[in-house]
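Accompanying notes for the structure given below.
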């Protein structure tokens, strides 16, 4: 297969052809650490596409992957039906992995594109810079190369990967004018960013957000330079960069200090994944940054004003999608976060006063960080006329029903969406597999037409503002579309303004 940078040889198995570890950019190392994504260097001959490339440098979670961690990590992986030819115009899906912007890769077993390829989709997974490699600011960085975009290097990688897809996917049989981006958690936050960034215009056509929030405060971006400008993020990204430099006794903030930072080895920059300088110390990792060029405002701000890309959207969360962001030491303190709506919140979440603090915290956390922001986003897209589809994933796999008694936790829908249940080492039941086929088909249909519906799946109604309905992958394995039983919970969360603000 010929790409703009060279040829790659894939592997064919059971009707699916895969091409792994294709560089979409030059290695962001040495002088290119904390620089915008550079063009991939051409390679001679035919590159072997049978193995994934290295995962991006990150703190290890258990055993490191076989391919290892590296700063040289900007690779894409492509799956397609083995008979696809140039000009076939297959719908294209590009997966942006989650992991809090500090972990993960496009090579995880749950992200295999085999099932999507069998649905007639060209599936692409990507790596992007993580942690301090991907999101970092420092006064010396701001001062150098003044014409460059600063801070959000991981987002720049994602845009570069999408540009690679536009230029190359036709050679794999994909349609470069029918590209759906989709992501979960930090990947979903990334999709929000691309729906609202001026630098992401023209690189995709449709979007799916899985458990990606949508309100301010959930990894949405801190100011680049101004301390105290945002009550949710009072410390600027530049100040956090200075905090990190001081961990290694690097003095000053100019070019000499920046050179010392670039001279740190990979492990020192990863720094064990620490986000603060010692227990209770100042933050040393910023996450996404409002840099003024790529991220010019938060998604919530853009959606309120109708400034988002008017793309078809599918969005949803899981039934027990708790990721934190809400905390309290008592129920009184928790309900006080709803301010003038405290009594309403108490009546909704604890009507008879018997719920435990932990039970109420979970419900409130699910709603305020995930479920209500998803409805808010769906309403914003429906309001501007974009085809919009809202879901909740409530089906618990058979093997987990004794453990997941509260519902489906964060990220647990992913192996259903990719139809990769067996990749987790547990044999799925017939019912589990049927739900996975349904989810995979809905996602593939949406990529094909901007509509998840088709003749082999139950009807999924289009979202409308004020209808307060939802399509639920229900606990019994059926698809239930109708009034949202959590409506009043989401209503009080919406009235309180999304996530709680600091006092």
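Can you give the FRET efficiency for residue 276 and residue 305, using 1/(1 + (r/R0)^6), R0 = 35 Å, r = Cβ-Cβ distance, to the nearest 0.05? Display every interim value, and only then the final one.
Details: r = 35 Å, r/R0 = 0.99.
Working from the Cβ atoms, E equals 0.50.
Ratio of Rg to Rh for region 55-177, alpha carbon only, Kirkwood?
On the way: Rg = 16.3 Å, Rh = 15.7 Å.
Result: Rg/Rh = 1.04.
Taking the beta-carbon count within 10 Å as an exposure proxy, list 271, 419, 265 from fewest neighbours to most.
On the way: 271 18, 419 25, 265 8.
In increasing order of surrounding Cβ atoms, one gets 265, 271, 419.
Treating each Cα of region 157-280 as an identical point scatterer and ignoring solvent, apply the Debye formula and state log10 I(q)/I(0) at q = 0.11, 0.12, 0.19, 0.22 Å⁻¹.
-0.58, -0.67, -1.11, -1.20
Given only helices, namely DSSP H runs of n ≥ 4 each adding -39500 (n - 2.57), what is the per-residue ellipticity at 222 nm of the chain, to the nearest 500 deg cm²/dmol?
-8000 deg cm²/dmol
Taking Rh as the Kirkwood radius, which is the inverse of the mean 1/r over Cα pairs, what is the Rg/Rh value for region 12-85? Mind showing how you got there, number by number?
Working: Rg = 14.5 Å, Rh = 14.0 Å.
Reported Rg/Rh (Cα atoms, Kirkwood Rh): 1.03.
Would you mind telling me the antiparallel percentage of the DSSP bridges in the chain, rounded to 5? Spell out each step's value before the answer.
Values: 23 of 58 bridges.
Bridges in the chain are about 40 percent antiparallel.
Using alpha-carbon pairs under 8 Å, 6+ residues apart, how would you state the relative contact order of region 312-496 in percent? Spell out each step's value before the answer.
Numbers: 276 pairs, mean separation 53.7, N = 185.
RCO, region 312-496: 29 percent.
More than 25 angstrom separation, counting every C-alpha pair in region 1-132; what % is that? If you can, show how the numbers build up before the last one.
Working: 2245 of 8646 pairs.
When all Cα pairs of region 1-132 are counted, 26 percent exceed 25 Å.
Which of 235, 269 has the fewest other C-beta atoms within 10 Å, and how do the rest follow up to the most? It would help to have the intermediate numbers written out before the result.
Numbers: 235 16, 269 19.
Listed from fewest to most nearby Cβ atoms, that is 235, 269.
Work the Kirkwood hydrodynamic radius out for region 373-412: mean of 1/r over every pair of different alpha-carbon atoms, inverted, in Å. Kindly include the intermediate steps, with their values, before the conclusion.
Working: mean 1/r = 0.0821 Å⁻¹.
Over region 373-412, the inverse of the mean reciprocal pair distance is 12.2 Å.
Considering only DSSP beta bridges whose two residues both sit in region 367-503, what percent are antiparallel, to the nearest 5? Don't skip to the end; give the middle numbers.
Numbers: 5 of 8 bridges.
Percentage antiparallel, nearest 5: 60.
With N denoting the number of residues in region 341-455, provide Rg(C-alpha) divided by 2.2 N^0.38 Å, to two decimal places. Please list the in-between numbers first.
On the way: Rg = 17.4 Å, N = 115, 2.2 N^0.38 = 13.4 Å.
Against the empirical 2.2 N^0.38 Å value, I get 1.30 for region 341-455.
How high is the FRET efficiency from residue 456 to residue 400, r the C-beta distance, R0 41 Å, rounded to 0.05? Mind showing how you got there, number by number?
Working: r = 27 Å, r/R0 = 0.65.
Taking R0 as 41 Å, the efficiency between residue 456 and residue 400 is 0.95.
Report the semi-axes of the equivalent ellipsoid for region 255-399 in whole Å, largest first, where each axis is √(5λ) for an eigenvalue λ of the Cα gyration tensor. Walk me through the numbers before you get to the answer.
Working: eigenvalues 232, 134, 58 Å².
Ellipsoid half-lengths, sorted descending, are 34, 26, 17 Å.
Quote the relative contact order of the chain in percent (integer), defining contacts as alpha-carbon pairs under 8 Å separated by 6+ residues. Please report the intermediate quantities before stating the final value.
Values: 1102 pairs, mean separation 71.6, N = 503.
Contact order relative to length: 14 percent.
Using 0.36 nm per residue, how much length does the chain from residue 266 to residue 423 gain when fully extended, once their Cα-Cα distance is taken away?
53.5 nm
What's the center-to-center distance, using Cα atoms, between region 373-423 and region 167-190 in Å?
If we compute the Cα centre of each part, the gap is 20 Å.
Calculate log10 I(q)/I(0) of the chain for q = 0.07, 0.08 Å⁻¹, where I(q) comes from the Debye formula with a single equal point scatterer on each Cα and nothing for solvent.
Values, matching the q order: -0.37, -0.48.
If I take every Cα pair under 8 Å that is 6 or more residues apart in region 145-303, average their sequence separation and divide by the length, what percent do I get for the relative contact order? Write down the numbers at each step before the final one.
Working: 208 pairs, mean separation 41.4, N = 159.
Relative contact order comes out at 26 percent.
If you split all Cα-Cα distances of region 152-206 into 5 Å bins from zero, what percentages do you get per bin, shortest first?
Result, from short to long distances: 5, 20, 31, 25, 13, 6, 0 percent.
In nm, what is the difference between 0.36 nm times the number of residues separating residue 256 and residue 72 and their Cα-Cα distance?
Details: separation 184, 0.36 × 184 = 66.24 nm, distance 2.44 nm.
Between residue 256 and residue 72, full extension yields an extra 63.8 nm.
Values in this text are rule-based calculations from the coordinates and carry no lab data. In this text the structure is predicted, and so the values were computed from the model without any measurement. A quick note on method: Cβ atoms are made from the backbone with ideal geometry, for glycine too, and the neighbour counts reach across all protein chains shown.
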